[in-house]
Amino acid sequence: MSTLEGRRAVITGGAAGIGAAMARSFAAEGAHVVVADRDGAAADALAREIGGEAWEVDLLDVASLESLELRADILVNNAGIQRVAPIEEFEPEMWRRLHTLMLEAPFLLIRAALPGMYERGFGRIINLSSVHGIRASAFKSAYVAAKHGLEGLSKVTALEGGPHGVTSNCINPGYVRTGLVESQVADQAKRHGIPESEVLEKVMLTEAAIKRLVEPEEVASLATWLAGPHAGMVTGTSYVMDGGWSAR
């Protein structure tokens, strides 16, 4: 039997990047995967590929999540956005947008999923944090603050969920080879006063011991293990996959 046979997994931001890699990995291990994404066409295409289902959802519409009942054995809070700007130039509306998507929406989804998990005596909550959940970088005040908040939410969920068979953990990658990272290059070059060709070496990988981007499949591999039967005693922690960045 595959390790996730019979489990229902909901992955936000599941139609591309890390989310899509996790969707494919979970499905390969037998899970029924719900690809949750605001891009309904992309979610539907991936769902058809892996034999799952699509859920077109705008997680910024938090009012619609407040009364949600979410059927999930595995919940992955992966959806995210980024904005690179100094604090004095950071638009308050964009600050709120990042926090709504990456902190408030995960809270509401966890809230919606826990009753069913408690009833079944099993649950795996996996929060895609970042090395920025435990470290900071200039010009990313909203993202860093949201990820630090997600770390706290994950730990509280672990404490409350433990007696009910529910685990909650964070995965903390460095820069992953995704569209979200690629979209930052121009902004990073502008803020640091360097050519775009130098951003990877002089900004993104300067602190890492291993000088390459993390691959989405590497993150998916760790998530698949955390979702499975051998991680039942792993909860309330953060798994760093940053090439040695946080070792400094």
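Rule-based calculations on the coordinates, nothing more; no lab input. In this text the structure is predicted, and so the values were computed from the model without any measurement. Cβ placement follows ideal geometry from the backbone for every residue including glycine, while neighbour counts extend to all protein chains displayed.
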*asked:* Could you work out the relative contact order of the chain? I mean the mean sequence separation of Cα pairs under 8 Å and 6+ apart, divided by the number of residues, in percent.
replied: 20 percent
*asked:* Using just the Cα positions, wrap region 160-236 in a convex hull and report its mean projected area in square nanometres, one decimal place.
replied: 6.8 nm²
*Please label the shape of region 89-206 as rounded, prolate or oblate, based on the square roots a ≥ b ≥ c of the eigenvalues of the alpha-carbon gyration tensor (a/c under 1.5 means rounded; beyond that, a/b larger than b/c means prolate, else oblate).*
prolate
_Rg/Rg_ref, the chain, where Rg_ref = 2.2 N^0.38 Å and atoms are Cα_ = 0.98
*Can you sort V33, V10 by how many other beta carbons sit within 10 Å, fewest first?*
V10, V33
*Which of the helices in the chain, when you take each full DSSP H run, stretch at least 27 Å along the axis at their Cα atoms and have an average Kyte-Doolittle score of -1.0 or higher?*
141-161
*How much length, in nm to one decimal, is gained on full extension between R111 and A138, taken as 0.36 nm per residue of separation minus their Cα-Cα distance?*
6.5 nm
*Using a Förster distance of 22 angstrom, determine the FRET efficiency expected from the C-beta separation of R71 and E218, and round it to 0.05.*
0.15
*Rank these for me by crowding, M22, M94, M233, going from fewest to most other beta carbons within 10 Å.*
M233, M94, M22
*Using the C-alpha atoms of region 1-122, what convex hull volume per residue, in cubic angstrom, is computed?*
106 Å³
_Per-q log10 I(q)/I(0), region 135-200, q = 0.17, 0.20, 0.24 Å⁻¹ (Debye; single scatterer per alpha-carbon; no solvent)_ = -0.73, -0.88, -1.07
*Scaled radius of gyration (Cα, divided by 2.2 N^0.38 Å) that region 51-110 gives*: 1.32
*Give me L65, L109 ranked fewest to most by other Cβ atoms within 10 Å of their Cβ, as a rough exposure proxy.*
L65, L109
